[in-house]
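The values are calculated or read from the model by the stated rules, or taken from the named source; none is laboratory data. Only a predicted model underlies this, so the values are computations on that prediction, with no experimental measurement involved. Here the Cβ positions follow ideal geometry from the backbone for every residue, glycine too, while neighbour counts run over all protein chains shown.
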Amino acid sequence: MKDSSSNTTSSPKSDKGKITLNRNSWNQIFFGLILIWLGSSIFLHRIDALIYGDWWDYFLLGVGIIFFAEVFVNLFLIPDSHLLTGKLIAGAVLIALGASDIYGIHEWWPLILIVMGILILLSSREAENKNGK
């Protein structure tokens, strides 16, 4: 008898009426959200609904927020998630780039990179301490 939990396709699985999605499904959802946000930000620019900055700034800000949402989903809803630091950093950088032009903080956004670098160094040191090295 074949075990349905080993299925790695992107179709939803049902567990007694409860629908769960695997990692491939979540990746497709977030890619779809990025495309929707791209179209939305271009459309808002075309109808002159974006007041500050350019549509590109809003697009970067939105993609950064989508990356943060993906990290949140991976941390809390997908049990075998790991290595999310890259997406967290990418999200922070995109938010900082987009917000720097929208809110006029061009000089300050690199500080986010510095803080993220410090956090990575601290987390790697903590991981070493846990491994007993």
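Here are some notes:
- Top-ranked residue in segment 22-73 [being among the β-branched types (Val, Ile, Thr) and farther than 15 Å from Leu97 by Cα; ranked as surrounded by the most Cβ atoms within 10 Å (Cβ to Cβ)]: Val71
- Only one of the numbered conditions (1) surrounded by 12 or more Cβ atoms within 10 Å (Cβ to Cβ); (2) at pLDDT 70 or above is not met by Gly104, and that is (1).
- Taken together, Ile78, Ile66, Ile95, Ile42 contain a single residue that is modelled with pLDDT under 80 and of a type in the set (Val, Ile, Thr), which is Ile78.
- Residue match in segment 18-37 (condition: hydroxyl-bearing (Ser, Thr, Tyr), outside any helix (DSSP H, G or I) and modelled with pLDDT under 65): yes
- Out of Phe67, Phe76, Phe72, one residue alone is over 21 Å from Gly39 (Cβ atoms), under 11 Å from the mean Cα position of the chain (by Cα) and of a type in the set (Phe, Trp, Tyr). It is Phe72.
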